[in-house]
Each structure stands twice: as C-alpha cells, then as structure tokens.
Amino acid sequence: MTHDDENHNSLTITRLFDAPRERVWQYWTNSEQFTCWWGPKDFTAPYTNMDLRVGGRYLNCMRGPEGKDYWNTGTYVEIRKPDRIVYTDSFADERGNVVPASYYGVISDMPLELEVEITFEEVEGKTRMTLNHNGMTDRDLREMTKAGWNESFDKMVECLG
C-alpha cells in the first residue's frame with residue numbers, strides 16, 4: 001500500500017512481510033543483509049557502511065544495470081530497536097559529501113536533505129513496516145522514489161525467503 005500525504009511532500013509505503021519483526025529489523029541494520037535488497041530491480045548495492053547509533057552516519061551505493069553508481073548518505077536521528085528508525089537522506093558523492101540531485105542528472109528542486117522514518121510492528125508473527133519519506137517537493141521525483149522503494153521491498157521479500 002502506498003499513498004502520498006495531502007500536501008504531496010511525503011511518500012508513505014506500508015508493507016507486510018512474512019517474517020518476524022527482529023528479522024526485518026536486521027535487514028535494515030546489518031550491512032550484509034541490507035546489500036541483499038537495497039536498490040530497485042536490476043540494481044546492486046556494492047557498498048554499504050552503517051554507523052548505527054544516534055548521530056552515526058551511513059554511506060550507501062546503488063549500482064544501476066548500466067554500471068553507474070548512485071551514492072546516498074545521512075545521519076541517524078532516532079533508533080528504537082526493534083520499533084523505529086529515523087534518519088536524514090541525501091544524495092552524495094563516493095566520499096560521502098552531500099550533493100544536489102542534479103549531480104546524478106535528476107532535475108528537481110528537491111532539498112539537499114530529506115527525512116526517512118521507518119516503523120516496524122509485529123502482527124501475528126509477521127511485520128508491518130511503514131516507511132515515510134518526507135520533504136519531497138517534486139512530484140516526478142516522488143513517483144520515481146515510490147517505484148524504487150517498492151522494487152527494493154520486493155527484493156527484500158525475496159531475501160527474507
């Protein structure tokens with residue numbers, strides 16, 4: 001299930017995974033498991049680095065099918081195991097420096113920093129995960145991001161087996 005908020009600055013995606021909450025949490029917080037699903041269909045995740053603590057930073061790379069790398073970075077704002085993760089999200093270069101979306105050819109008035117909030121709820125042995133990606137002012141970018149998240153979560157289903 002996916003919907004945009006009323007003012008169209010946020011993207012919300014809710015998925016039910018047939019896995020316990022602790023396991024889904026691990027796929028968000030363990031680099032090895034994260035690389036299994038991170039990125040849309042046909043993308044890989046050749047690099048992930050997570051300093052999973054409030055104030056810690058992450059740096060991830062998605063590699064497209066044509067071989068182009070897309071980096072993103074941010075800071076963990078809230079970590080409440082196994083219920084909630086909040087972090088900032090920005091495009092980055094390979095050194096972790098924040099760059100505008102135009103660095104990757106994305107034409108957008110997108111702010112340099114967005115916020116991502118993920119909640120995990122145990123539901124009869126399964127996990128209801130809700131992702132809010134906040135601060136998206138560009139409708140086309142929001143639609144592209146929605147597709148990317150949903151393809152990534154489809155890959156997570158496969159990884160969870």
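Values quoted throughout were computed directly from the atomic coordinates according to the rules given, and no laboratory measurement underlies them. Fair warning: this is a prediction, and the values are worked out from it, not measured in the lab. Cβ coordinates were reconstructed from backbone atoms using ideal geometry, including for glycine residues, and neighbour counts include every protein chain displayed.
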Name the residue from Thr73, Pro46, Asn97 whose Cα lies farthest towards the positive end of the charge dipole of region 1-122, charges +1 on Cβ of Lys and Arg and -1 on Cβ of Asp and Glu. Pro46
³J(HN,Hα) computed for each position of region 59-73 - Karplus, 6.51 cos²θ - 1.76 cosθ + 1.60, integer Hz, glycine/proline x: 9, 10, 10, 10, 10, x, x, 8, x, 6, 9, 10, 9, 9, 9
Report, to one decimal in Å, the Kirkwood hydrodynamic radius for the chain based on all distinct Cα pairs. 15.9
Any lysines whose Cα falls less than 19 Å from that of Lys126, other than same-chain ones fewer than 8 residues away, would be Lys81, Lys155
Please return the longest stretch of the chain lacking exposed loop sites, where GluC sites (Glu not before Pro) count only if DSSP places them in a loop and at most 10 other Cβ atoms lie within 10 Å. 7-65
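Starting from the Cα gyration tensor of region 32-100, take the square roots of the eigenvalues, sort them a ≥ b ≥ c, and report rounded, prolate or oblate (rounded when a/c is under 1.5, otherwise prolate if a/b is larger than b/c, else oblate).
Working: a/c = 2.43, a/b = 1.46, b/c = 1.67.
Oblate is the answer for region 32-100, as a/c is 1.5 or above yet b/c matches or exceeds a/b.
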5 Å is the cut-off here: which amide hydrogens, built 1.01 Å from N in the peptide plane, fall below it relative to Ala45, excluding neighbours closer than 5 in sequence? Arg63
Relative to the first principal axis of the alpha-carbon coordinates of the chain, what is the inclination of helix 139-160, with its axis defined by its Cα atoms, in degrees from 0 to 90 and to the nearest 10? 40
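Around Asn72, what is the net charge, scoring Lys/Arg as +1 and Asp/Glu as -1 over all other residues with Cβ under 12 Å from its Cβ?
On the way: positive: Arg57; negative: Asp69, Asp89, Asp93, Glu94, Glu113.
Residues close to Asn72 contribute a combined charge of -4.
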Using Cβ-Cβ distances only, list the Cys residues of the chain with no partner cysteine under 4.7 Å, sorted by number. Cys61
Put a dot 7 Å past each Cα toward the Cβ at Glu32 and Asp83; how far apart are the dots in nm? 3.0
Interchain or sequence-distant (5+) residues whose placed amide H lies within less than 5 Å of the amide H of Ala19 are Thr127
Just to check I understand the Karplus step: with θ = phi - 60° and J = 6.51 cos²θ - 1.76 cosθ + 1.60, what whole-Hz values come out for region 102-111, glycine and proline as x? 4, 4, 9, x, 8, 7, 6, 9, 4, x
